[in-house]
Amino acid sequence: MTSPENKPKKPVSRGMRALMLGIPATVLLFSLVVLLRASLLGSQEGAALPPTAEPAAAASAPQAELSPAQPRGLRLKAFSSAADLYVVLSDPEGAALPDASFSFTVVAPDGSLRSCPASAEGTLYLTQLEPGLYTVRLESDGKYTALPAAIEVLAPPALPVSENGGFQDVDGLTYYFNRNGEAVTGLRQIDGKMYYFNLYGVKAAKLGIDVSYHNKGINWPAVKAQGIDFAILRVGYRGWESGLLWEDDRFVQNLRGAKGAGIDVGVYVYSTAVNPIEARQEADLIVGSLCGMKLEYPVYFDTEQSGDYPLGRADRICKANRAPIIQAFCNRIRDAGYTPGIYSGLNYLKNHVDHSMYAPYTTWLANYTRYNRLPDFPYEYDMWQFTDAGYVNGIRGIVDMNVIY
């Protein structure tokens, strides 16, 4: 593109030059008439016409300058539980930004600056921070922009200590103290059984797993012996491309195995329903597969982004259209005598589902935090899927794990 400084100058006509020199208007008018007549006669006699290239260029309208590309606006959020800082960079709809390179500037309470590269998913996690107000800014290269985020980082919690080791109840909460009298945190195996303790050392009331066809050959008695209290089993799924509804090939086997081992059971369906009719079909699949069997845990509607986002058939459904889909499923399940619930990830529930639509139902929240940090979710939830990479005796490979407090 030609820059404004280098654009060709527009030729000045004889008449314009005359005006510029101050020639009287009557003389100018007479001259113009003579010139016009001579031009017409010359054309009729086959006189050579002036070259067309320069006048054409001069007559064309000046090209408008192309404005530089506007930086893409992103969403920057910061969270803190205690002595740590968790930063998430996403698109305006809350979706992650995979395979992008970003860095953050973290301003500490004393004003010092720290440049920190983000992970491939656009996140940053810092620990062992001094308490105070921190500000996080996106280091932009001109392609992206985001408003800075400020967060108050609190001092780490004072974990209870005890002169005696083992399980102890303190103010109605259960802790486990090691040999040094310190409360432990995280997933622990104690005397052959597994327990989960949060950031503050509090033991979860229940520990469970959720499984599907992908978890093959489960030894359910071994799972029970490991300390697993409940299991959520997949009944079926709808393809995110084809839209076909299928029953999970291992559902019946898993249902019999878990029940036979004395493990409490709930179920779910992976949904890509695009209308209430399909949602009721998914509910009917569950009800028909259960054949009236009693469940100790709810029946969950699994709604989330597809593995081919945003190309999945249900990926672009807006909040308003998703609401009647959820209601159709939950109403059908409740009418069948079961407790309905919703499962999804934290970002999806916050940005793609209207909370008023699922608030009446049980909420199963997936959020994989670091250092046993509780989910930063603004609403109540009943069950928390804290990892998709757990190891439990009796299950080959990794398995999703959940807790209830």
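Numbers for the structure displayed
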| quantity | calculated |
| --- | --- |
| At most 10 other Cβ within 10 Å, DSSP loop - GluC sites (Glu not before Pro), segment 80-148 | E93 |
| Rg to Rh, two decimals, where segment 289-405 supplies the alpha carbon set and Rh follows Kirkwood | 0.98 |
| Share of carbon and sulfur in the accessible heavy-atom surface of segment 150-247 [1.4 Å probe, %] | 48 percent |
| Loop-located trypsin sites (Lys or Arg not before Pro) in segment 174-205, at most 11 other Cβ atoms within 10 Å (DSSP) | R179 |
| Förster-model FRET efficiency, 30 Å R0, K294 and N331, C-beta, rounded to 0.05 | 0.90 |
| Flagged links, alpha-carbon separation over 23 Å, of K77/K350; K224/K294; K193/K350; K77/K203 | K193/K350; K77/K203 |
| 10 Å binning of all Cα-Cα separations within segment 326-394, expressed as whole percents from 0 upward | 18, 45, 27, 10, 0 |
| Segment 300-387, accessible surface, carbon-and-sulfur percent (1.4 angstrom probe) | 42 percent |
| Rg over Rh, two decimals, segment 201-342 (C-alpha only, Kirkwood Rh) | 0.99 |
| Shape call, segment 90-225: gyration tensor on alpha carbons, a/c limit 1.5 | oblate |
| Whole-Å semi-axes of the ellipsoid equivalent to segment 246-324 (Cα gyration tensor, √5λ, descending) | 28, 13, 11 |
| Counted charge near V269, where neighbours are those whose Cβ lies closer than 13 Å (Asp, Glu -1; Lys, Arg +1) | -4 |
| Cβ-based net charge around I395, under 14 Å, with every Lys or Arg adding one and every Asp or Glu removing one | +1 |
| Spatially proximal aspartates and glutamates relative to K259 (Cα-Cα < 16 Å; intrachain offsets below 8 disregarded) | D210, D229, E296 |
| Net charge contributed by nearby residues that have their C-beta within less than 13 Å of Y309 (K/R +1, D/E -1) | -4 |
| Accessible area per residue, Å², segment 71-202 with all protein chains present, probe 1.4 Å | 55 Å² |
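The values are calculated or read from the model by the stated rules, or taken from the named source; none is laboratory data. Owing to the predicted nature of the structure, the values given are computational and were not obtained by experimental measurement. Positions of Cβ are generated from backbone atoms using ideal geometry, with glycine treated the same way; all protein chains shown enter the neighbour counts. Only protein heavy atoms, including side chains, enter the accessible area calculation; ligands, DNA and RNA are left aside. Shrake-Rupley method; radii C 1.70, N 1.55, O 1.52, S 1.80 Å.
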